[in-house]
Structure formats: structure tokens, C-alpha cells
Amino acid sequence: MEETEDIVRLDGVGLRYGAGAAVLHDLSFAFPAGAFRWLLGESGAGKTSLLRLLTLAVRPTSGRLSLFGSRIETASRRDLPPLRRRIGIVFQGCRLLPHLSAFDNVALPLRLAPRPQALLRADVTEMLRWVGLEQRMAALPCELSSGERQRVAIARAVIARPALLLADEPTGDLDDTQAGRLMQLLAELNRLGTTVVVATHSVALVQRHPAPALRLVDGGLRA
Amino acid sequence: MLKLPQHRLLPVLIAAMVFLAALSGAASLAAARLADQWRGAADGTTVEVPEQDGAAVAALLGPAAHRLSQDELAAVLQPWLGKDAGRLTFALPAVFTLPGSPPAGLEQALVRAAPGALVSHDTVWQEQASALADSVQACGTLTACVVAFVAAGIVVLATGASLAEHQEAIEVIHHLGAADGLIAGKFAARASVLALAGAVAGSVSAALTLLALARLTAPFQPPAPAFTLAALAARLPPAVWALLAVLPLLATLIGWLTAQATARAWLRRLP
Ligand SMILES: Nc1ncnc2c1ncn2[C@@H]1O[C@H](COP(=O)(O)OP(=O)(O)OP(=O)(O)O)[C@@H](O)[C@H]1O
Ligand SMILES: [Mg+2]
């Protein structure tokens, strides 16, 4: 255990997919607990790749990465699931399970957590009300609009009160009102102590919600 | 949580495997029983001569030999000739039994005293018969191994297909923090239920087949009493019923273990 006050810490982290060229190189930064960070960069700069590192979807090919004080490069596979359950993810493209209703998609993280299931229905219903989908709980993802799917994905990401929330273009499919409500929700989670990282192209969104930003250019960090 | 599609092929193939295993297992058990009976039989020599040479041969063989009475002969012949074997119109041969191997020079002496005499020594056919029984049993064991191997292969293929079909959903659940054991457990539960269903069907078909075969051997058995469940159960030895009950459990276990191993190996590709 080291630097427990930093939720995320990177030291000279690089990432390459297979035998290809490095898509991320020599990244060094830390997010203290409770931080809010924008992740900016052109298309192809490596935002999704960096978020994949932080969601433990890939491991760094060089450098050192710690999440919640645990070293990731050296961790065994069996140590990762409990770490993943402390991370909320809004994937680029939602990635809802097509056979499950909106309700069951949102309930997934609670069902995977070792916690009493008694309050599950109330918690999930409350969460869906928050994102304005209490009337659509039984709908399958294919029966929802892309904006509604995005809101289900957001509800799923935050339902288990993650310590770290990572969102990849979460407002991509939302209108301005919905995007505003989403930012309110993220700000509230952040105020409750969740560390939030949001990757986006939207300059307008960043201007409306000023916060420190990491800027990626060709897989490297620009101040 | 994961809704897997119906794999109709898995239960059908497992049913076929259990059917094969049950039939070959029943054959092995029957062979083992026969081998035991034959090995337990007295070690002796049987001499069979035409009826008119009976007295001469009795003198030749001496007091150690026992000549079978009409009743004893009838009892021996009854399975083949029925209850009336004792009242046959044609002449039965004189049959003698004597303990141990044939005495030296017996065959030459018989050729002179009773041409056409048949001498058979139990241990010769007994050894052949028990060697046959042993090889039937060995074949049964081999068949069981091959069947178990093929059944495991079927489960590997079915589980692999199912994993590939649900790859996207599995990856999402994995990213949400599901441990390998939880995901593999879903697939193992599914595979073992399908294997159990197929195996029960296979076992029931095998039971029906064996009962039908048992009817063919009915002439060797006491006359069938009224049709009851107990009478039906008595048609097959308890060991065969036990086999028919154990096979579905074994198939379920194979399904569970193989699906667990397959799913865990597959999941190891994810970070
Ligand atoms: N699985 C992969 N295998 C190989 N190369 C990849 C893979 N995923 C991404 N890349 C490459 O890595 C680079 C960074 O991609 P990434 O998806 O991280 O960009 P991004 O900043 O999220 O872009 P966008 O804003 O368009 O989503 C790109 O050049 C991309 O082609
Ligand atoms: Mg991206």
C-alpha cells in the first residue's frame, strides 16, 4: 500500500495494443480522492485507452499504475474484481446487456456486490427516477432511444456508489437539458466523495462546468 | 442473470452417451456375474456315452463316478426342453460326473468300451468362458472411459459455443467486477442441468431396452408372476438398477466440472 490519499496514480505509464505502436506513453499524474477531472483530446488521442487502463480493461505495458493504493501491473487476476466493483463506468456506446430490462441492467452492479439484496428494488427504482426513466423500467435496451440508453448506462455506473466514476463521452447522445441533469448528478456524486473523470469533446460542456483538465495529444499529456 | 439459449444438442448427445454407457455397463455386470458363477462351479469331468454303453462305462470309471439319474438329467435339460423333459420319448445318453481332471488313459479306454463317448473337462471351458467374461468386462470399462471422454468433449463444445455467443455480455459483467467463479458457475449450472435432463432420458431408454432384452431370456427364468412394479424391477439385477441411477449423476458431475473448467479457461483471456 502506498499513497492511499490518491485514488489513481500513474508513473511513466505506457500502453500499446499487441505489437502495434504505443497509443499512450509516459503518463504520470495522480487524482486525489474526491477530485473532478475533465479528460480532453482530439479523436484518436487516447482518451478511451486511458479510461480502459483506469477501468482495468487493459493493463499498462510499461510504468506503474495504482488504483485505491493497489499496484495494478503486479496484481493477480483474482485481486481485480473487488477493485472493479469500486469503479463505475459509463462506456462509450453504453454496452447494456440486450436481454435485460432497464431495471435489471441498472441492478447488475448491486447483484454482483456482496451486499444484502433486500433494498435492491427501492434503490434501483430511485436511481431510474433520478435519470427520468421510472416509466421505462421494464423496457429492453432495443426499445429505448439512444439518449434513454445512455441514461440507463449512467444509472448503472453510479448505482453502487463507486469510489471512482469514469465516463467516456457520457453526453454524446443527450440533449442540452439531459446533459445538464447528468452534470448535476455527477457533481452531486463528486460532492459525496466520488472521484469523477469525464472524457469529452464538448468545449461547451467544459466551459459550463469548469474543473481541472487533462489534455491528451497523441497519447501524451499536455498541460 | 445470463439467459442462455436452449442447447438442444447437448441433452440429446448426453442421452445417447448415457444410453451407450448403460448398455455396455449392463453387459459388463452380466459378464461379471457369469464369470463368478463359472469360477464357483465344481472342478469336474463330464462323460457322456450312449445309453446302452452305460453299464460298461460305469464299471470302467469306478466308484468315484456318479451317474446322473433320469430326474437329474431332466432338471439339467429343463431350460431347453421345458417341464416335460423327464418324459421324453427318445433315449437320453448316460451321463457321468467325476471330480477333478480326466484320469490318464481315460479317453483311450472309452474309445474301446463306448465309441462315441464325449469327455468334457470343466476347467477348460471354464477358463475360456471366464477369459471371455473378463474381456467383455474390459471392453465395458474401455467403453465407459471413451463415453465419459466424448461426453466431456460435447460439454466443452457446447460451453464454448455458448461463451462465444454471449461474449459481449460476459465482458460487460466482467468489467462490472464479476469474479470468474460467478460467471463460470452460471455456465456450469446450465450445463449440468442440461446434462442431467439428457442423462435421465438416456437412462430411462436404456432401462426400457434392457427390460425388453430381459423378456427374450424369459425361458431361462421362473415363470413371470402377475405384472407388478416389483416383478418388473426383479427382471433386472439390482446392480443394473444402481448403474442406471448412478449414470445421470455422473453425467451431471461431468457436465458441471467440464463447463467450469471450460469457462474459467475462456475467462482467463480477459484482463
Ligand atoms: N483495441 C485496439 N487495438 C489497436 N489499436 C487501438 C485499439 N483501440 C484503440 N486503438 C488505437 O489507439 C489510438 C487511441 O484510441 P482511443 O480510442 O483511445 O482514442 P479516443 O481519444 O478515445 O478517440 P475518440 O475521441 O474518437 O473516442 C487510436 O489510434 C486507435 O486507433
Ligand atoms: Mg474514445
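The values are calculated or read from the model by the stated rules, or taken from the named source; none is laboratory data. It should be emphasised that the depicted structure is a prediction, and the values quoted were computed from it without experimental measurement. Note: ideal-geometry Cβ built from the backbone for every residue, glycine included; neighbour counts use all protein chains shown. All accessible areas refer to the heavy atoms of the entire protein, side chains included, with ligands and DNA or RNA removed. Shrake-Rupley method; radii C 1.70, N 1.55, O 1.52, S 1.80 Å.
Results, tabulated for the structure shown:
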| read-out | value |
| --- | --- |
| Distance between modelled label sites at B:Val150 and B:Glu107, nm, 7 Å Cα→Cβ extension | 4.5 |
| Within the protein assembly as shown, helix-based [θ] at 222 nm, where runs of 4 or more DSSP H residues each add -39,500 (n - 2.57), nearest 500 | -17000 deg cm²/dmol |
| Relative contact order for the stretch A:1-121, counting Cα pairs under 8 Å that sit 6 or more residues apart, in percent | 25 |
| In Hz, Karplus ³J(HN,Hα) per residue of the stretch B:120-126 (6.51, -1.76, 1.60; θ = phi - 60°; x = Gly, Pro) | 10, 10, 3, 4, 5, 6, 4 |
| Order of exposure, largest accessible area first, which applies to A:Leu83, A:Leu192 with probe 1.4 Å | A:Leu192, A:Leu83 |
| P(r) histogram, all alpha-carbon pairs of the stretch B:94-205 included - 5 Å bins from 0, percent | 2, 8, 10, 11, 9, 7, 6, 5, 5, 5, 5, 5, 5, 4, 4, 3, 3, 1, 1, 0 |
| Measure of compaction for the protein assembly as shown (Cα Rg per 2.2 N^0.38 Å) | 1.69 |
| Max mean-square fluctuation residue, GNM over chain B, Cα-Cα springs under 10 Å, options B:Leu229, B:Leu61, B:Leu132 | B:Leu229 |
| For the stretch B:144-153, Karplus couplings with θ = phi - 60° (6.51, -1.76, 1.60), whole Hz, Gly/Pro x | 4, 5, 4, 4, 4, 5, 5, 4, 4, x |
| Cα-Cα separations in chain A greater than 20 Å, expressed as whole percent | 59 |
| Partner chain coverage, peptide A:67-77 - average Cβ within 10 angstrom | 1 |
| Relative contact order computed over chain A (Cα-Cα under 8 Å; 6+ residues apart), in percent | 30 |
| For the pair A and B, total buried accessible area rounded to nearest 100 Å², probe 1.4 Å | 1800 |
| Theoretical gain in end-to-end length, B:Ser69 to B:Arg269 [0.36 nm per residue, Cα-Cα removed] | 64.0 nm |
| By accessible area with a 1.4 Å probe, ligands and nucleic acids excluded, highest first: order of A:Thr55, A:Thr177, B:Thr228, B:Thr123 | A:Thr177, B:Thr228, B:Thr123, A:Thr55 |
| The stretch A:35-106 and the stretch A:122-147: distance between their alpha carbon centers, rounded to Å | 23 |
| Antiparallel bridges, percent of DSSP beta bridges restricted to chain A (to nearest 5) | 50 |
| Whether the stretch A:1-87 is rounded, prolate or oblate, judged on the alpha carbon gyration tensor where a/c under 1.5 counts as rounded | oblate |
| Accessible surface, 1.4 Å probe, highest first, among residues A:Asp176, B:Asp180 | A:Asp176, B:Asp180 |
| Portion, in percent, of the accessible area of the stretch B:130-215 that falls on carbon or sulfur, probe 1.4 Å | 75 |
| Average accessible area per residue (Å²) across the protein assembly as shown - probe 1.4 Å, nucleic acids and ligands excluded | 51 |
| Within the stretch B:18-38: backbone nitrogen closer than 12 Å to the B:Ala239 label point (7 Å, Cα to C-beta) | B:25-38 |
| Accessible surface of A:Arg129 - all protein chains present, 1.4 Å probe, nearest 10 Å² | 120 |
| Whole-number percent relative contact order across chain B, with pairs defined as alpha carbons under 8 Å at least 6 apart | 34 |
| Added length on full extension, which subtracts the Cα-Cα distance from 0.36 nm per residue, B:Trp125 to B:Leu208 | 26.6 nm |
| Chain A - percent of accessible surface contributed by carbon and sulfur, probe 1.4 Å | 50 |
| Other protein chain Cβ atoms within 10 Å, averaged over every residue that makes up B:174-185 | 6 |
| Per-residue HN-Hα couplings for the stretch A:7-16 [Karplus 6.51, -1.76, 1.60; θ = phi - 60°; Hz; x = Gly/Pro] | 6, 10, 9, 10, 10, x, 7, x, 9, 10 |
